[in-house]
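Peer 1: Mind looking over this structure? Questions follow.
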Amino acid sequence: MKAVYRTDRGRIRQNNEDSVGTFVNRDGHRLAIVADGMGGHRAGDVASNMTLTHLQKMWEDSEGIQTADQAEAWLKTHILQVNKLLFEHANNNLECEGMGTTIEAVIATQLFSTLAHIGDSRCYILNDIGFQQLTEDHTLVNELVRTGQISKEDAEHHPRKNVILRALGTEPDVKIDIKTIMFEEGDFLLLCSDGLSNKVNEAEMVTILQNEDSLEQKASTLINMANENGGEDNITLIILEFDDEIERG
């Protein structure tokens, strides 16, 4: 498994409230996380950073996760722990009232990858079948599209596009979308915050992922393209490539 991650403040925002990282546990399996924080007074970066830090510690101490069921159970248990931590922190610290974060978390092994998703960050896969979004945005606008009230084209410019219906840490309990997929030689996974997916379309993502550049160059190109197209939001991504060669971070 090869992995690279990048985060960028963008061209407009004063702060970067996204958090990102990839971590390896005692068995050599990788956990990749993108968290896009929200909330006033920089509370968003508190929420995303607390999420990343807690899951990193729990993952690096973990071992014995060999099946998809075990990976799904690990993600559900520890993300619900984080939800409780964030909710309690927000209630106990006035400056963090209402804070929350999206989360994309992927456990990647040689046999499968398991994805946990809350919010409007996204995970895509590029494989021999094509390019596919694996996650469903938990947003008001996506719900309007899903129920046939507006078209996908209308959704792109809807004035309430940023209204999130589900986030980590904003309620005492949260529903997590979890799925396991086959991740095979030559496949790519792209995890990203909406700062990327709102500014770089799927055709452009595919072109960049399929070119001959290194993973590092692909990541930088995607960040640069999002900035060139406005860069109004923080931009964060992880690219995972399945490769049986010697692992490198």
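Peer 1: Show me the GluC sites (Glu not before Pro) within the range 145-192 that DSSP assigns to loop and that have at most 16 other Cβ atoms within 10 Å of their Cβ.
Peer 2: Passing sites in the range 145-192 are Glu184, Glu185.
Peer 1: Then there's this: What is the sum of charges, Lys and Arg at +1 and Asp and Glu at -1, for the other residues whose Cβ falls under 12 Å from the Cβ of Arg6?
Peer 2: Working: positive: Arg9, Lys218; negative: Asp8, Asp18, Glu216.
Residues near Arg6 contribute -1 overall.
Peer 1: Then there's this: Restricting things to alpha carbons, find the Rg to Rh ratio for the range 1-80 using the Kirkwood radius for Rh.
Peer 2: 1.03
Peer 1: List every residue whose amide H lies under 5 Å from the amide H of Asp177, counting only residues 5 or more places away in sequence or on a different chain, with H placed 1.01 Å from N in the peptide plane.
Peer 2: Residues meeting the criterion, in which the H sits 1.01 Å from N, are His117.
Peer 1: Given contacts defined as C-alpha pairs under 8 Å and at least six residues apart, what's the relative contact order of the range 46-156, whole-number percent?
Peer 2: For the range 46-156, the relative contact order is 18 percent.
Peer 1: The list (i) 18.3, 56; (ii) 17.2, 50; (iii) 17.4, 53 gives values of Rg and Dmax of the Cα atoms in Å, and only one came from this structure; which label was calculated from it?
Peer 2: Computed from these coordinates, Rg and Dmax of the Cα atoms in Å corresponds to label (ii).
Peer 1: Something else: Explain nothing, just compute: Karplus ³J(HN,Hα) = 6.51 cos²θ - 1.76 cosθ + 1.60, θ = phi - 60°, for every residue of the range 69-78 in order, whole Hz, x for Gly and Pro.
Peer 2: Going residue by residue, I get 4, 5, 5, 5, 5, 4, 4, 4, 4, 7 Hz, with x marking Gly and Pro.
Peer 1: How much accessible area per residue does the chain have, in Å², with a 1.4 Å probe?
Peer 2: 47 Å²
Peer 1: Just to check I understand the Karplus step: with θ = phi - 60° and J = 6.51 cos²θ - 1.76 cosθ + 1.60, what whole-Hz values come out for the range 83-100, glycine and proline as x?
Peer 2: 4, 5, 4, 5, 4, 5, 4, 5, 6, 9, 9, 4, 5, 9, 4, x, 6, x
Peer 1: Taking the alpha-carbon centroid of each part, what is the distance from the range 31-97 to the range 169-211 in angstrom?
Peer 2: Cα centroid of the range 31-97 versus Cα centroid of the range 169-211: 18 Å apart.
Peer 1: Could you tell me which GluC sites (Glu not before Pro) in the range 16-116 are loop residues by DSSP with no more than 15 other beta carbons within 10 angstrom of their beta carbon?
Peer 2: Values: sites: Glu17, Glu60, Glu63, Glu72, Glu88, Glu95, Glu97, Glu104; in loops: Glu17, Glu63, Glu97.
Qualifying residues, ordered by number: Glu63, Glu97.
Peer 1: While we're here: I'd like the Karplus ³J(HN,Hα) series for the range 17-27: coefficients 6.51, -1.76, 1.60, θ = phi - 60°, whole numbers in Hz, and an x wherever there's a Gly or Pro.
Peer 2: Each residue's phi maps through the Karplus curve to give 9, 8, 10, 8, x, 10, 9, 10, 8, 5, 8 Hz.
Peer 1: Between rounded, prolate and oblate, where does the range 129-249 land on the alpha carbon gyration tensor, with a ≥ b ≥ c its root eigenvalues, rounded for a/c under 1.5, else prolate if a/b exceeds b/c?
Peer 2: Prolate, since a/c reaches 1.5 and a/b exceeds b/c.
The values are calculated or read from the model by the stated rules, or taken from the named source; none is laboratory data. All values derive from a computational prediction rather than experimental measurement. Note that each Cβ is placed from the backbone with ideal geometry, even for glycine, and that neighbours are counted across all protein chains shown. Just so you know, the surface numbers come from the protein's heavy atoms only, side chains and all, with ligands and any DNA or RNA stripped out. Shrake-Rupley method; radii C 1.70, N 1.55, O 1.52, S 1.80 Å.
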